[in-house]
1. Relative to the longest principal axis of the C-alpha atoms of the chain, give the angle of the C-alpha long axis of helix 310-327, reported between 0 and 90° and rounded to the nearest 10°.
2. Solvent-accessible area of Thr194, probe 1.4 Å, all protein chains present, reported in Å² to the nearest ten, please.
3. Classify region 198-279: rounded, prolate or oblate, from the alpha-carbon gyration tensor (a ≥ b ≥ c, eigenvalue square roots; a/c under 1.5 rounded; otherwise prolate if a/b is larger than b/c)?
4. Would you mind checking which residues have amide H under 5 Å from Ile175's amide H? H placed 1.01 Å from N; only 5 or more apart, or other chain.
5. Apply the Karplus curve 6.51 cos²θ - 1.76 cosθ + 1.60, θ = phi - 60°, to the phi angles in region 274-280 and return the couplings in whole Hz, x for Gly and Pro.
6. Percent of Cα-Cα pairs more than 21 Å apart in region 127-258, please.
7. Can you give the angle from 0 to 90° between the axis of helix 16-32 and the longest principal axis of the chain, with both taken from C-alpha atoms, to the nearest 10?
8. Take the Cα of Asn188, step 7 Å along the line toward its Cβ, and report every residue of region 63-78 whose backbone nitrogen sits under 17 Å from that point.
Amino acid sequence: MSVLIFAENWGGKFKKSTYEAISYGSEIAKQVGGNVTAVVIGNVSDEDMKSLGKYGAQKVLSVKNDKLNALNPSAFASAIAQASQKENAKVVIVSYTYSGRSVAGRVAVKLKAGLVAGAVQLPSSGGGAGGGLTIRKKCFSGKGLTDVTISSEIKIIGLYPNSFHLDTGEGSAAIESFSPSFSDSDFNSTFKETKKTSDKIVLTEAEIVVSGGRGLKGPENWGMIEQLAELLGAATSCSKPVADVGWRPHHEHVGQTGITIAPNLYIAIGISGAIQHLAGVNSSKVMVAINTDKEAPFFKAANYGICGDAFEVVPKLIEEIKKFKSAH
Ligand SMILES: Cc1cc2nc3c(=O)[nH]c(=O)nc-3n(C[C@H](O)[C@H](O)[C@H](O)COP(=O)(O)OP(=O)(O)OC[C@H]3O[C@@H](n4cnc5c(N)ncnc54)[C@H](O)[C@@H]3O)c2cc1C
């Protein structure tokens, strides 16, 4: 028996969410018993694959196939399901990223397994051969949490990024090459080309996000948002109306109808804190709101609030961060 983790990579490199999934999987292996195996699909260096051992993987199944260097949900799901059968895995962990979401359900169907999508904690009970696992997950666009028990023999868990700590040690994983079989239907859709939109920090992976709303009055005022973000090593985002009127690109819009994020720090500037906005950001570990209106709903959700004019507060913040950085 083993715990299998889909170790997602982008362009040959693992992201933090992959290390979180391995750390999480190795904790589950302590609960339910068995080995920890990661399946890696695509061209990742041996050195990087071995490094998964630091997070608890004992073995890596490496699937290399020219058709699988970019995400193909159907073929990836076939490979993961076959890897799970090969390893007799009773628990399969997938990061609940956009890629992970597109494969998790397919893997569950192939393995006739129950799926907890968007898990945020280790199982609170159960485990062992054939036993159920009760796992806390997000629901209602992240506004609520619910405990779900999976009782199927094989259990699939989609782990929400940024909800589990990294466990690092000294290990080095053994690499084994694995060649699953694919059917033509696995390649009914294929990626032709992948284009990187910019070199900026990717919003969904950012540890810090600086976000602006309609309180910023116009696109010409985003310079200070970008400057603050750059100083903090943060990504930028915005509220829906800001993207709708074209002040910012749509891929920056966060919320119920936009992107869901869970950074360690979310700074909301000139954003009211409407429920539809909070739905996309309320999993942030710490939220700071800057708003002129002391009644703005964001102040109820935020951990810290600055009641003040963004055009006064943000330049002061920038100044202070610069001073702090030059002194350290
Ligand atoms: C079905 C549906 C889905 C939606 N999905 C989303 C979504 O995904 N994401 C989203 O964001 N919204 C979404 N919305 C819209 C949402 O309801 C709000 O209208 C929106 O979030 C408001 O954006 P805002 O806070 O930037 O603007 P406003 O509501 O106009 O708020 C601006 C804020 O800036 C403050 N302010 C003004 N001047 C300053 C200043 N100088 N300094 C500091 N603060 C200042 C004001 O006090 C105010 O609180 C959705 C709505 C619906 C109906």
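The values are calculated or read from the model by the stated rules, or taken from the named source; none is laboratory data. Owing to the predicted nature of the structure, the values given are computational and were not obtained by experimental measurement. Neighbour counts are summed over all protein chains in view; Cβ atoms, including those assigned to glycine, are modelled from backbone coordinates with ideal geometry. When the accessible area is computed, the model is the full protein with side chains, heavy atoms only, and any ligands, DNA or RNA have been set aside. Shrake-Rupley method; radii C 1.70, N 1.55, O 1.52, S 1.80 Å.
1. Once rounded, one gets 60 degrees.
2. Only protein atoms counted, so the area is about 100 Å².
3. The shape class here is rounded.
4. Here the answer is Val60, since their amide H atoms fall under 5 Å of that of Ile175.
5. Karplus-based 3J(HN,Hα) across region 274-280 equals 4, 4, 5, 6, 4, 4, x Hz.
6. 67
7. 50
8. 72-78
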